[in-house]
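Taken together, the values in this text are just the output of simple stated rules run on the coordinates, not laboratory data. The shown structure was predicted, so the numbers you read here are calculated from the model rather than taken from an experiment. Quick reminder, even Gly has a Cβ in these numbers, built from the backbone with ideal geometry, and neighbours come from all protein chains shown.
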Amino acid sequence: MQASPLQTEENFISEEPYYEATGQEIAIFEAAYQNGLPVLIKGPTGCGKSRFMEYMAWRLKRPLVTVSCHDDLTASDLVGRYLIKGGETSWVDGPLASAVRAGAICYLDEIVEARKDTMVVIHPLADDRRVLPMEKRGELLRATPEFCLAISYNPGYQSVLKDLKQSTRQRFVALEFDYPEAALEQQIVEKESGVDGEMAAKLVKFAAMTRNLKGSGLEEGASTRLLVHAAKLIASGVTPVDACHSAIAQALSDDHEMLTAINELSASLF
Ligand code: ADP
């Protein structure tokens, strides 16, 4: 069998990631972790969920395995498969199996995107059995107390087809994330990009304007991530209007009328 890639140091986060807490999420995650409970992180894209996971992995001194789920992701992609190489068959662990073996924190990002059969392997790991069924190997992998399962999803995007089932969600301790409140978001933008407080405050104001357009033509407003992108361009000498256009408006929409409206908002501010 192939050695678990997590026996290397690469999944350990050695330096403290910059993370500003927005509520009690650190204490709740720690308590869930100590009790072997899996965690569900809800919230819009770009609001700090992945950064939080990196921070918690650093804080709990566990390796972090992140899987970005997509609509082709199957249970075998998570658990592992037999590969034939040079006439020989060998088993290769998938990221979830590696994480269980290494006692890592496994973060399945945007879980509802994955194929339905992935739930078959997640459910027994996410209740008090804490086992990973490896059907193809006829093996049940038991998770050690260090292992932690965390999943994320964005309630804003879900259609009936892509909602999390009660049988799944009722296995998790849930943490709700949202964009940080204005003063904190300003601080994050400053710290992440190097722009001054005044510029960061304007960007946060601009974000609030775009978030108000949600539902009237925009699927989502500007996330904290997009603000940081725009701020980084500005810190590198791009004008604020151009930075907002490229890093924010174009990222949010392809619709010309909407782009004009968003550009007018930024022109009024900068
Ligand atoms: P998500 O996983 O929710 O899509 P990320 O965690 O990737 O979003 O956040 C996007 C970016 O926003 C991060 O790279 C970071 O620059 C910034 N960010 C958002 N929230 C925070 C926070 N609470 N503390 C520090 N940085 C944050």
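Summary of values
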| quantity | calculated |
| --- | --- |
| Fluctuation leader among Gln34, Gln24, Gln250 - the chain, Gaussian network, Cα springs under 10 angstrom | Gln24 |
| Debye log10 I(q)/I(0) at q = 0.18 Å⁻¹ for segment 170-231, Cα point scatterers | -0.63 |
| Sites Ala208 and Glu88 - FRET efficiency at Förster radius 51 Å, r taken between beta-carbons, to 0.05 | 0.30 |
| Electrostatic dipole magnitude of the chain [Cβ: Lys, Arg +1; Asp, Glu -1; Cα centre; debye, to 20] | 900 debye |
| Segment 85-208 - charge dipole about Cα centre, Lys and Arg +1 at Cβ, Asp and Glu -1, debye rounded to 20 | 680 debye |
| Extension gain (nm, one decimal) between Asp196 and Ser236, 0.36 nm per residue minus Cα-Cα | 13.1 nm |
| Spatial extent of segment 1-138: Rg and Dmax, with the Cα atoms as the point set, Å | 15.8, 55 |
| C-alpha center-to-center spacing [segment 49-82, segment 123-150] in angstrom | 14 Å |
| Average Cα contact separation per residue, the chain, under 8 Å, 6 or more apart, as relative contact order % | 20 percent |
| Evaluated at q = 0.15 Å⁻¹: base-10 log I(q)/I(0), Debye formula over Cα of the chain | -1.10 |
| Hydrodynamic radius by Kirkwood, which averages 1/r over all alpha carbon pairs of segment 96-218, in angstrom | 17.5 Å |
| Residues of type lysines that Lys205 reaches as a straight line, Cα spacing below 16 Å, ignoring anything fewer than 8 places off in the same chain | Lys214 |
